[in-house]
Amino acid sequence: MRRVMDIDLRLLRVFVAVAEAGGYSGAQTTLNIGSSTISLHMSDLEERIGFRLCDRGRHGFRLTERGRLAYEEIKRVLTTLDDFTGRMAGLRKRLAGKLLLGMV
């Protein structure tokens, strides 16, 4: 992958959601998009980075070894980016960050 652009960040976030959900079906609700769109995003990301992130199909979903390593690195990058966004908002004296709600 060359220089990281906005579209890359979106694709990386899709990949993280898929990895954490254990597949496309589980990620549909989190991402609020269909599995065909998720599939297109994942294929685009794999093409951009130059290797396969996961095995998917009738046999199920599984991260490849490179996919598992990429997931860990991507989580670090996205966490750092989110922290940066919060700190910059703090400098502007605005409330910012992630709000997580749980419902039963």
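Brief remarks on what is shown
- Cα-based shape type of region 1-49, given that a ≥ b ≥ c are square roots of the gyration tensor eigenvalues and the cut on a/c is 1.5: prolate
- Region 1-91: trypsin sites (Lys or Arg not before Pro) in DSSP loop, at most 10 other beta carbons within 10 Å: 2, 3, 58
- The charge dipole of region 8-71, taken about its Cα centre with unit charges on the Cβ atoms of Lys, Arg (+1), Asp and Glu (-1) only, comes to about 120 debye.
- Only DSSP H runs of four or more residues enter the estimate; each adds -39500 (n - 2.57), and after division by the residues of the chain the mean residue ellipticity at 222 nm equals -21000 deg cm²/dmol.
- The length gained on full extension between residue 87 and residue 7, counted as 0.36 nm times the residue separation minus their Cα-Cα distance, comes to 26.5 nm.
- Accessible-area composition of the chain, carbon plus sulfur, in percent [1.4 Å probe]: 54 percent
- Charge dipole of the chain about the Cα centre (unit charges at C-beta), most positive-ward option of 45, 100, 60: 100
- Heavy atoms of the protein chains alone define the surface here; on that basis the chain has 75 Å² accessible area per residue at 1.4 Å probe size.
- Taking the chain and dividing mean pair separation by its residue count, relative contact order in percent (alpha carbons under 8 Å, at least six apart): 20 percent
- Once Cα extents along the principal axes in Å is calculated for the structure shown, the corresponding label among (i) 48, 33, 22; (ii) 50, 41, 22; (iii) 51, 24, 22 turns out to be (ii).
The values are calculated or read from the model by the stated rules, or taken from the named source; none is laboratory data. As the structure is a prediction and not an experimental result, all values here were calculated from the model. Glycine gets a Cβ as well: all are built from the backbone with ideal geometry, and neighbour counts include every protein chain shown. What goes into the accessible areas is simple: the full protein's heavy atoms, side chains included, and nothing from ligands, DNA or RNA. Shrake-Rupley method; radii C 1.70, N 1.55, O 1.52, S 1.80 Å.
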